[in-house]
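K.L.:
I have a structure here, written as structure tokens, and I will follow up with some questions on it.
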Amino acid sequence: MTPPFHAEHIGSFLRPAELLAAGGRAAQDRCIVDVIRWQEGLGLKVVTDGEFRRESWRLGFVSKVSGFARADAVGNVDLQRDDAGNVMRIGSAPVAVTRIRRTGPIVADEVDFSLKQTKCVVKATLPAPSYLHYPRGKGCVDPDVYPDLDQFFDDVVKVYLEELKALHATGGRYLQIDEVAQTLLCDQGLRDAVRARGDDPERLVDLYIDLINRIVRERPSGMTVGVHMCRGNAHGKWVGSGGYERIAEKSFSRLEVDAFFLEFDSERAGGFEPLRFIPKGRKVVIGAVSTKIPALESKDELKRKIDAAAKYVAIENLSLSPQCGFASHQHGSGLTFAQQEAKLRLVAETATEIWGTT
């Protein structure tokens with residue numbers, strides 16, 4: 001079985017009350033076994049551990065790599081919004097205060113445990129390297145530690161490659177890189193914000209593509225790597241708005257990944273026309289089910305979106321998923337467990353009706 005499958009999900013799930021209350025290794029283990037069984041029961045061919053061992057999709061990485069501290073973002077690049085007009089800051093961003101290095105597993109141990117619980121394919125998730133730069137720009141490092149940012153990026157790539165080697169050694173063969181920065185640079189307001197602090201948004205897109213490609217080119221043999229492009233999802237809020245057109249020609253044609261996981265759950269994502277830049281043979285997972293709102297989409301609506309995407313990508317290379325994880329942060333998104341299950345079941349059932357299999 002070669003991923004991505006026709007029914008996919010992004011990675012994180014709502015934390016059970018037991019996990020939030022206890023939080024220890026034993027509670028994590030029990031809850032991970034339960035969430036894997038739940039995914040299997042929905043007929044999925046791919047499972048994750050729900051990211052139950054992490055504080056959030058991004059800080060799980062920072063907390064396990066030596067050399068990082070946390071600081072505020074630089075400029076108005078991290079403002080989260082909801083449809084009611086509420087605004088809040090994400091909270092913290094990484095800053096390298098000593099030379100960064102990998103001192104132990106980041107996700108390899110998580111995947112190792114999950115592989116022992118299931119015969120399904122286990123997907124690992126890691127934040128994209130852009131996350132280590134975008135929130136603070138050149139302020140992502142102590143200049144006395146890294147007087148040249150290229151030295152920092154070399155160390156970043158080294159950390160990822162060491163982790164991919166460890167992941168492969170456990171039996172992990174499927175990795176999803178969660179990319180937010182490139183997608184946010186579709187938003188004119190955020191492009192203006194990075195310019196105001198001295199960054200060129202087009203050069204940032206080039207940089208972030210290059211960092212992913214440097215990692216993907218050296219991945220272990222037989223490992224499938226996809227990139228998930230997100231506009232922000234913490235606590236059900238979003239950071240950026242705007243279709244993929246601004247970055248599509250560069251990002252879709254130059255990223256050397258096997259698959260793209262793309263948000264298409266709301267008008268903020270724009271139309272499907274940018275998919276014309278997807279190289280032939282690449283897989284595209286259409287994130288058409290929202291994890292931000294409780295309302296359940298209809299199968300007809302999802303099928304219409306797949307039909308629209310199929311004008312640009314062969315339907316056999318398409319898949320269906322939620323637009324993001326259900327709990328980018330351990331506190332979740334405001335949905336209930338029943339709503340989460342209904343949405344993931346909808347993905348599985350709709351995929352079976354379209355392609356005959358999940």
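K.L.:
What number of residues within region 279-305 satisfy the criterion of being closer than 20 Å to Phe337 by Cα, surrounded by fewer than 24 Cβ atoms within 10 Å (Cβ to Cβ) and small (Gly, Ala, Ser)?
P.N.:
Matching residues across region 279-305 total 3.
K.L.:
Related question: Which condition from (1) surrounded by 15 or more Cβ atoms within 10 Å (Cβ to Cβ); (2) modelled with pLDDT under 95 is the one that Thr350 breaks?
P.N.:
Looking at each condition in turn, Thr350 falls short on (2).
K.L.:
Something else: Given (1) within 17 Å of Ile177 (Cβ to Cβ); (2) within 16 Å of the chain's Cα centre (by Cα); (3) outside any strand (DSSP E or B), identify the lone condition not met by Thr291.
P.N.:
Going through the list (1) within 17 Å of Ile177 (Cβ to Cβ); (2) within 16 Å of the chain's Cα centre (by Cα); (3) outside any strand (DSSP E or B), Thr291 breaks only (1).
K.L.:
Among the residues in region 132-146, are any touching a helix residue (DSSP H, G or I) at 6+ places or on another chain (Cβ under 8 Å) and among the basic types (Lys, Arg)? Steps first, answer last, please.
P.N.:
We begin by selecting, within region 132-146, every residue touching a helix residue (DSSP H, G or I) at 6+ places or on another chain (Cβ under 8 Å); these are 132-134, 137-138, 140-141, 146.
Retained after the next criterion (residues that are among the basic types (Lys, Arg)): 138.
Within region 132-146, one or more residues are touching a helix residue (DSSP H, G or I) at 6+ places or on another chain (Cβ under 8 Å) and among the basic types (Lys, Arg).
K.L.:
Going by what's in this entry, would Arg70 be described as over 18 Å from Cys230 (Cα atoms) and in a strand (DSSP E or B)?
P.N.:
On the way: over 18 Å from Cys230 (Cα atoms): yes; in a strand (DSSP E or B): yes.
Against the criterion (over 18 Å from Cys230 (Cα atoms) and in a strand (DSSP E or B)), Arg70 qualifies.
K.L.:
Sticking with this one: Search region 24-44 for residues that are charged (D, E, K, R) and pair each with any residue that is in a loop (DSSP other than H, G, I, E, B) when their beta-carbon atoms are under 8 Å apart and the residues are at least 6 apart or on different chains.
P.N.:
Every condition considered, the pairs that remain are Asp34/Pro16; Glu40/Thr118; Glu40/Cys120.
K.L.:
Let me ask another. Kindly indicate whether any position in region 260-273 is farther than 18 Å from Asn233 by Cα, assigned to a helix (DSSP H, G or I) and either more than 19 Å from the chain's Cα centre (by Cα) or aromatic (Phe, Trp, Tyr) (or both). Steps first, please.
P.N.:
Pass one, region 260-273, residues farther than 18 Å from Asn233 by Cα: 271-273.
So of that shortlist, the ones also assigned to a helix (DSSP H, G or I) come out as 273.
Adding the requirement that they be either more than 19 Å from the chain's Cα centre (by Cα) or aromatic (Phe, Trp, Tyr) (or both) leaves 273.
The answer is yes; a qualifying residue exists.
K.L.:
Given the criteria of a type outside the set (Lys, Arg), over 30 Å from Arg37 (Cα atoms) and either in contact (Cβ under 8 Å) with a residue 24 or more places away in the chain or crowded, with 21+ Cβ neighbours inside 10 Å (or both), does Ser130 qualify? Lay out the reasoning, then the answer.
P.N.:
Working: of a type outside the set (Lys, Arg): yes; over 30 Å from Arg37 (Cα atoms): yes; either in contact (Cβ under 8 Å) with a residue 24 or more places away in the chain or crowded, with 21+ Cβ neighbours inside 10 Å (or both): yes.
Considered against the rule, which asks whether it is of a type outside the set (Lys, Arg), over 30 Å from Arg37 (Cα atoms) and either in contact (Cβ under 8 Å) with a residue 24 or more places away in the chain or crowded, with 21+ Cβ neighbours inside 10 Å (or both), Ser130 comes out as yes.
K.L.:
Scanning region 122-180 for residues that are β-branched (Val, Ile, Thr) and assigned to a strand (DSSP E or B), which turns out nearest to Val239 (Cα to Cα)? Quick ask: steps written out before the conclusion?
P.N.:
Start the filter on region 122-180 by keeping residues that are β-branched (Val, Ile, Thr), which leaves 122, 125, 141, 145, 156-157, 159, 170, 177, 180.
Filter again for assigned to a strand (DSSP E or B), leaving 122, 125, 141, 177.
Details: Val122: 29, Thr125: 20, Val141: 23, Ile177: 18 Å.
Within region 122-180, the match that is nearest to Val239 (Cα to Cα) is Ile177.
K.L.:
Just wondering, is there one or more residues in region 76-96 that are of a type in the set (Lys, Arg), assigned to a strand (DSSP E or B) and more than 21 Å from Asp148 (Cα to Cα)?
P.N.:
yes
K.L.:
Does Asp192 satisfy being surrounded by fewer than 20 Cβ atoms within 10 Å (Cβ to Cβ), within 28 Å of Thr48 (Cβ to Cβ) and without any contact (Cβ under 8 Å) to a residue 24 or more places away in the chain? Walk me through it before giving the result.
P.N.:
Working: surrounded by fewer than 20 Cβ atoms within 10 Å (Cβ to Cβ): yes; within 28 Å of Thr48 (Cβ to Cβ): no; without any contact (Cβ under 8 Å) to a residue 24 or more places away in the chain: yes.
No.
K.L.:
Working carefully through the options Asp112, Asp82, Asp148, find the one that is among the charged types (D, E, K, R), surrounded by fewer than 20 Cβ atoms within 10 Å (Cβ to Cβ) and without any contact (Cβ under 8 Å) to a residue 12 or more places away in the chain.
P.N.:
Values: Asp112 fails: without any contact (Cβ under 8 Å) to a residue 12 or more places away in the chain; Asp82 fails: without any contact (Cβ under 8 Å) to a residue 12 or more places away in the chain.
Residue meeting the stated conditions: Asp148.
K.L.:
Tell me, please, whether a residue that is under 19 Å from Gly325 (Cβ atoms) and at pLDDT 95 or above can be found in region 65-74.
P.N.:
Keep residues of region 65-74 that are under 19 Å from Gly325 (Cβ atoms), which gives none.
No - not one qualifying residue is present in region 65-74.
The values are calculated or read from the model by the stated rules, or taken from the named source; none is laboratory data. Bear in mind the structure is a predicted one, so any value in this text is a computation, not a measurement. Note that we place each Cβ from the backbone using ideal geometry, even for glycine, and neighbour counts take in every protein chain shown.
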